[in-house]
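Quick notes on the structure that follows.
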Amino acid sequence: MTNLPLLGFHFNVSFGDGKVFDDVSFSEVSVIDLELLTKESCSIVNSEQLLSPSGFKYSDLELKRGKAGRESLLFKWLDIQVVNQKKLPITIIVNVLNHEHKPSLTWTFSEAFPIKYQTSGLSANSKDVLIETITFKFTSYKVKQINQ
């Protein structure tokens, strides 16, 4: 086992059991921000302001990639939800890979569903790749560190 830091550019994303969508390749993943919520109260003894924990707040999962010219299975899944106005949740797994291309750290997002789809702007003065961003809500998540 090594204590080297994990590299943030070596990762993969899978949907379902990894066989649901095989055409997804993301350039950026905003995994999760975790914020401790607090509430203020006043001490009866000396009128001090006290802060106490009142829960946690999680950010949404955001995936970015270059927009492909062909329709992907991911886009079709998104489109079905929009057309039918019904969510079709799926498990999303984000793996940070080690130097042997094996998962070292895994986030599993349960019952994830899309809440926002956007593309980057178009400009005749730019040679940038058109980027699509998909934002997901989820019911729960787990983080697993894999010791190797």
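Restricting attention to segment 119-148, the residues that are open to solvent by 30 Å² or more (accessible area, probe 1.4 Å) and either among the aliphatic types (A, V, I, L, M) or in a strand (DSSP E or B) (or both) add up to 14.
Listed by position, the strands (runs of 3 or more DSSP E) contained in segment 28-118 that have at least 3 residues being in contact (Cβ under 8 Å) with a residue 60 or more places away in the chain are 61-66, 90-97.
Yes/no per residue for (1) within 13 Å of Val13 (Cα to Cα); (2) touching a Leu at 6+ places or on another chain (Cβ under 6 Å); (3) at pLDDT below 85; (4) aliphatic (A, V, I, L, M):
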site	(1), (2), (3), (4)
Arg65	yes, no, no, no
Ser72	no, no, yes, no
Ile80	no, no, no, yes
Asn84	no, no, no, no
Leu88	no, no, no, yes
Val94	yes, no, no, yes
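Residue count for segment 18-40 satisfying the condition of being modelled with pLDDT under 75, of a type in the set (A, V, I, L, M) and under 15 Å from Thr106 (Cα atoms): 0. Note on segment 41-73: among residues that are among the charged types (D, E, K, R) and open to solvent by less than 60 Å² (accessible area, probe 1.4 Å), the one that is farthest from Thr108 (Cα to Cα) is Arg65.
Scanning segment 92-114 for residues being closer than 18 Å to Gly16 by Cα and either among the hydrophobic types (A, V, I, L, M, F, W, C) or in contact with a Gly (Cβ under 6 Å, 6 or more places away or on another chain) (or both) gives a total of 9. Per the conditions (1) of a type in the set (Lys, Arg); (2) more than 19 Å from the chain's Cα centre (by Cα); (3) modelled with pLDDT of 85 or more, the sole criterion not satisfied by Lys127 is (3).
Counting only residues that are within 24 Å of Ser72 (Cα to Cα) and loosely packed, with under 11 Cβ neighbours inside 10 Å, segment 99-118 holds 0 of them. Being modelled with pLDDT of 90 or more and out of contact with any helix residue (DSSP H, G or I) (no Cβ under 8 Å at 6 or more places or on another chain) is a property that does not hold for Pro103.
The values are calculated or read from the model by the stated rules, or taken from the named source; none is laboratory data. Keep in mind the model is a prediction, meaning the values are calculated, not measured. Note that we place each Cβ from the backbone using ideal geometry, even for glycine, and neighbour counts take in every protein chain shown. With ligands, DNA and RNA removed, areas are computed over all heavy atoms of the protein, side chains included. Shrake-Rupley method; radii C 1.70, N 1.55, O 1.52, S 1.80 Å.
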